[in-house]
Each structure stands twice: as C-alpha cells, then as structure tokens.
Amino acid sequence: MLIVVCVMAFGPTTLAADGSGQPAGADDAKVPAVKVSDDSDFQKLPKPGAKVPLDGDHYFIYGFDKRPKLGAAIMKVEVFTQAGRPDTSFVVKGDLDMPSMKGAHSTGEKEFTLSKKGAYLLPSEIVMPGDWEFKFTFEKGGKTVFRGAYQFDI
Ligand SMILES: [Cu+2]
C-alpha cells in the first residue's frame, strides 16, 4: 500500500522539475550555482562520524544514533570550534527524503533542537527501503553558511 502512494506522488514532482529557464547548452558548462532543484547548493558529505569543515572556524560531526534502517532514527549533529570546543551558536536544519521519489516522504526542512549536552537532534522516520538523502543546512545570524547532503541506502 505504501509503495502505491509513493509511485503516485512521483508523477507531479517530475513535472515540476521542468522549466528551469536555463539556456540550452548550459549542461556543457560548469554546473550553475543555483539549479531548479536547488541540489547543487548541497555538497556531498563524507561518511557519518567524520569531521566536516563548516566555515573557517568550525567543523561538525553528524550521524544517526544507530545504523539507519526502517523506522525511527535520530539525526545528531555536533558543532565544534577548530580548537575542539562545542559550539551551539548555529541553527541547524534538516530535510530527509528519497532522491528517486522527490517529495514523496519529505517532511520539509525542520530545525534541529539543542539537547542539554549541546548536541543538535532531529528525530527522523525512514519509511521504506531504498535510496535516502539527509540534507543539512547550517545558519548563523540568519544567513546560510553551509549546506551538505548525506546519501545512504537501506
Ligand atoms: Cu518511497
């Protein structure tokens, strides 16, 4: 039943991807900074647990609380200064979706909440097997400073 819903939701999303307004031949050039899908804004992240450069002064470490599988999982992000001190001055947002069924399962971009220990947490739900993508957006002072995507299969 769930799969039927997914397939139906796939149709309209495909149509919406048309009309990027980009000139013909743009594919030959370097990928423009902003595409209609907005995906080019998100750099592919190294594996969970790795130190990821955030800006000149910070890095972060991310990962689910357990190996992702069907069901609930909590995404955790910790931000540190280059000196290794925890930093909670960022706003972190996340969006979990299936790239092959864009929008079918997305809850939209949600803000992580800060735990007492200073970790950014966002409960997530993986509702079917397949390809998944967790997109992170880091903001400071109302401005986006970093966007990254973690792709995984279950
Ligand atoms: Cu799906």
Q) Given the structure, is A83 small (G, A, S), modelled with pLDDT under 50 and outside any strand (DSSP E or B)? A) no
Q) Got at least one residue in the range 104-122 being out of contact with any Cys (no Cβ under 9 Å at 6 or more places or on another chain), within 15 Å of K44 (Cα to Cα) and aromatic (F, W, Y)? A) no
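The values are calculated or read from the model by the stated rules, or taken from the named source; none is laboratory data. Just so it is clear, the structure is predicted and the values come from calculations on it, not from any experiment. Heads up, the Cβs are rebuilt from the backbone with ideal geometry, glycines too, and the neighbour counts pull from every protein chain shown.
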